[in-house]
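A short worksheet on the structure shown next.
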Amino acid sequence: MNYDQMFQEALDGLHADGSYRYFADLERRAGRFPKAFHHGLGQEVTVWCSNDYLGMGQNKAVLDAMHAALDETGAGAGGTRNISGTNHYHVELEKELAALHGKEAALLFNSGYLSNWVTLGTIAGRLKECVVLSDALNHASMIEGIRHSRAEKQIFRHNDVEDLERRLQALPADVPKIIAFESVYSMDGDIAPIEAFCDLADRYGAMTYLDEVHAVGMYGEQGGGIAEKLGLSHRLTIIEGTLGKGFGVVGGYIAASAPLCDFVRSFGSGFIFSTALPPMIAAGALASVRYLRDNAAEREGQQHAVAHLRAALDAKSIPHVGNPSHIVPVMVGDAQLCRELSDALLRRFGHYIQPINYPTVPRGTERLRITPGPLHDDGMIDELVEALDTLWREYQLRRTNGL
Ligand SMILES: Cc1ncc(COP(=O)(O)O)c(C=O)c1O
């Protein structure tokens with residue numbers, strides 16, 4: 001058996017269809033973000049595709065809390081949550097997250113991916129005859145969690161209230177149901193009809209599971225996400241979030257009722273049997289959540305940067321998807337060109353935007369996904385759009401020439 005050859009053949013398939021992933025070898029330097037040192041190029045570049053949406057990864061309150069907790073508690077948690085790994089910072093952070101979302105309790109996980117996988121896997125797997133109604137564009141972590149549960153799954157059309165209702169109507173009234181969806185969808189930046197889904201959940205006796213990974217920290221008066229912004233947090237059964245994007249650290253969580261969190265804590269294998277997050281991570285995340293509950297400057301700065309970028313793109317007629325969020329997808333529609341544009345932006349102009357190709361998005365919708373934040377100033381944005389404009393004209397020329 002030549003195992004390496006089997007692996008290589010699978011990888012060759014990815015190369016052949018253009019979906020092989022190349023990593024940019026970056027060195028983030030605290031205090032310089034959104035600049036980072038690109039080891040492949042040997043120079044500093046401006047990063048436009050980071051999910052450290054608000055620059056909290058270098059926020060002073062966060063770094064101070066992490067330095068202090070590292071010196072105070074040491075490097076790791078020392079165990080699973082059950083066996084000596086629960087540190088007071090975990091407990092404080094869970095309380096803070098529950099308060100952020102107006103829920104009784106919260107439960108921490110080592111990533112947002114795990115929080116989706118474990119929570120959906122555990123609840124849908126353990127409630128007898130549970131049916132999960134899952135939005136067609138849900139993230140891989142939800143899809144895998146539902147698959148792992150072995151519960152019946154129905155995929156409803158993306159953000160489609162009527163399709164969801166039709167499916168709910170057809171289900172027996174007495175089986176447990178979960179409607180699983182996201183608030184801000186990460187690739188198109190569109191937002192779910194949360195209120196209408198909650199109305200359906202009430203009408204048909206379903207639970208609601210909302211992934212707010214691309215919204216926490218950024219929306220709502222305290223950074224509680226789109227549900228907070230719309231005054232709907234109390235209507236959702238479970239709000240799930242990450243500590244690795246808007247909050248700039250790492251980790252994931254759910255916020256829900258006390259019995260629900262206790263249920264996942266008690267039955268979720270991926271929660272129980274894994275070493276807890278290092279206390280310094282919990283301390284940093286706690287500082288970040290507290291900071292963003294009290295300060296709106298980062299959110300306002302992000303909204304300003306998004307508006308400035310959209311206006312500058314419009315002025316140059318560069319096509320981007322209109323949506324109500326901070327995610328600005330510039331549509332290219334061709335995998336090869338998307339990669340070329342991204343390479344040229346990097347090599348000729350020092351702007352780093354990872355190309356987003358299939359299978360992350362459907363073929364024909366390849367894009368440059370830009371996430372401007374409060375640390376991208378107007379000058380940086382103007383430079384980026386100038387560079388894009390230069391390349392865009394070259395790109396259109398190439399298209400007209402059929403190249
Ligand atoms: C919608 C959504 N949910 C969950 C996750 C996973 O979160 P994390 O990166 O904290 O594992 C992601 C990650 O990109 C995501 O886009």
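General observations
- Each eigenvalue of the Cα gyration tensor of the range 1-86, multiplied by 5 and square-rooted, gives one semi-axis; in descending order these are 35, 26, 11 Å.
- Rounded to 5, percent antiparallel among DSSP beta bridges of the range 20-157: 60 percent
- For the range 143-288, accessible area per residue (1.4 Å probe, heavy atoms of protein chains only), Å²: 37 Å²
- When the range 1-145 is described by a simple charge dipole with +1 on each Lys and Arg Cβ and -1 on each Asp and Glu Cβ, the residue from 39, 80, 16 located farthest towards its positive end is 80.
- Choice from 251, 145, 79 showing the highest fluctuation, given a GNM over the chain with Cα pairs closer than 10 Å: 79
- Coordinate range of the alpha-carbon atoms in the range 213-267 per principal axis, descending: 31, 26, 13 Å.
- Ranking 396, 322, 352 by how far each Cα lies toward the positive end of the dipole of the range 315-403 (charges on Cβ) leaves 396 at the top.
- What you get for the range 117-194, charging only the Cβ of Lys and Arg (+1) and of Asp and Glu (-1), is a dipole of about 440 debye around the Cα centre.
- In terms of its alpha-carbon gyration tensor, the range 259-356 comes out prolate; a/c meets the 1.5 threshold, and the first ratio a/b outweighs b/c.
- Pairs of Cα atoms farther than 16 Å apart, the range 142-248, %: 59 percent
- Most fluctuating residue given options 240, 129, 298, as computed from a GNM of the chain linking Cα atoms under 10 Å: 129
- Each of 332, 143, 209 was placed along the dipole of the chain (beta-carbon charges, centred on the mean Cα), and the one lying farthest toward the positive end is 143.
- Semi-axes of the equivalent ellipsoid of the chain are 34, 27, 22 Å, computed as sqrt(5λ) over the eigenvalues of the C-alpha gyration tensor in descending order.
- This model, with +1 at the C-beta of Lys and Arg and -1 at the C-beta of Asp and Glu, gives the chain a dipole about its Cα centre of some 360 debye.
- Taking 1.002 mPa s as the viscosity and 20 °C as the temperature, the Stokes-Einstein diffusion coefficient of the range 295-340 based on its alpha-carbon Kirkwood radius rounds to 179 µm²/s.
- Using alpha carbons only: equivalent-ellipsoid semi-axes of the range 55-113, gyration tensor based, whole Å: 20, 18, 11
- Choice from 286, 313, 11 with maximal GNM fluctuation in the chain (Cα, 10 Å cutoff): 11
- By the helix-only formula, in which each DSSP H run with n ≥ 4 contributes -39500 (n - 2.57) and the sum is divided by residues, the chain has a 222 nm mean residue ellipticity of -14000 deg cm²/dmol.
- DSSP loop trypsin sites (Lys or Arg not before Pro) with at most 15 other Cβ within 10 Å excluded, longest remaining stretch of the chain: 158-315
- When only the Cβ of Lys, Arg, Asp and Glu is charged (+1, +1, -1, -1), the dipole of the range 67-125 relative to its Cα centre reaches about 240 debye.
- With all protein chains modelled, accessible area of residue 7 [1.4 Å, Å²]: 130 Å²
- Each part reduced to its alpha carbon centroid, the range 306-355 and the range 112-136 end up 35 Å apart.
The values are calculated or read from the model by the stated rules, or taken from the named source; none is laboratory data. Note that the coordinates shown come from a computational prediction; the quantities given were computed from them, not determined experimentally. Note that each Cβ is placed from the backbone with ideal geometry, even for glycine, and that neighbours are counted across all protein chains shown. Just the protein is used for accessible areas: all its heavy atoms, side chains included, with ligands, DNA and RNA removed. Shrake-Rupley method; radii C 1.70, N 1.55, O 1.52, S 1.80 Å.
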